[in-house]
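The values are calculated or read from the model by the stated rules, or taken from the named source; none is laboratory data. Predicted model, so just to flag it, every value in this text is computed and none were measured. Note that we place each Cβ from the backbone using ideal geometry, even for glycine, and neighbour counts take in every protein chain shown.
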Amino acid sequence: MVDHGAKSALLIVDVQNDFCPGGMLAVAEGDRVVPVLNIYGELFSSEGLPVFASRDWHPTETTHFKAYGGIWPVHCVRGSKGAEFHPLLKLPREAIVISKGMDPARDDYSAFDGVDDTGLPLPELLRRLGVGRIFMGGLATDYCVKETALAALRQGFAVTVLEDAVRGVDLQPGDSERAMAEMQAAGAETANLSTVDPSGYRT
């Protein structure tokens, strides 16, 4: 088990052009999370706490896409404009980018399936940095945020979902609400800018 008294980290999930309005797989109001996440990013960075940003980084051919048996249109192909982070997202200089979805035979919704630019998996990075709690926001509530939160909980991390910094796809009406309920049932907490306690970020 991870020591929940250990320090916290911020994880920004998949705030990429293709998931924002105008993108290939746009989340309604997906860009609304950007200014809120910028505040969280500055807050965590100013406290000297780790900030991570995950991204889909797909090959051109993958079973994730409809043309190859998946359910999604082509999106976030590595090196493309659509795969870039939203231009108004202000990642701290020291933010660690986590890439996922690179295996053409896997979906990799969870950032816990991703690696940094040296190939180090996210769970190992978190443990090396002494992280016990992950605060997370981003896109989308009912897919990558949910799967990342559930994976983190399974691996013993404490999770706080930043409810003012997430938006969902809602392929079926109510998917986002059900995703939040599922994360909470698994042990995740929720917070927003008015309820987050900075004194709880670290021991």
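Annotations for the structure displayed:
- Only one of the numbered conditions (1) within 20 Å of the chain's Cα centre (by Cα); (2) β-branched (Val, Ile, Thr); (3) in a loop (DSSP other than H, G, I, E, B) is violated by Thr60, and that is (1).
- Taken together, the residues in the range 127-154 that are over 18 Å from Asn192 (Cα atoms) and in contact with a Phe, Trp or Tyr (Cβ under 7 Å, 6 or more places away or on another chain) amount to 7.
- Residues that are modelled with pLDDT of 95 or more, closer than 21 Å to Ser54 by Cα and part of a loop (DSSP other than H, G, I, E, B), drawn from the range 169-191: Ala188
- Among the candidates Ser54, Ser8, Ser45, residue that is surrounded by 20 or more Cβ atoms within 10 Å (Cβ to Cβ), farther than 15 Å from Val145 by Cβ and touching a residue at least 40 places away in the same chain (Cβ under 8 Å): Ser8
- Pair list, Cβ under 6 Å, 6 or more apart: the range 150-168 residue in a helix (DSSP H, G or I), other residue crowded, with 24+ Cβ neighbours inside 10 Å: Ala151/Phe112; Ala152/Ile134
- Only one of the numbered conditions (1) of a type outside the set (Asp, Glu); (2) in contact (Cβ under 8 Å) with a residue 60 or more places away in the chain; (3) surrounded by fewer than 21 Cβ atoms within 10 Å (Cβ to Cβ); (4) assigned to a loop (DSSP other than H, G, I, E, B) is not met by Thr195, and that is (2).
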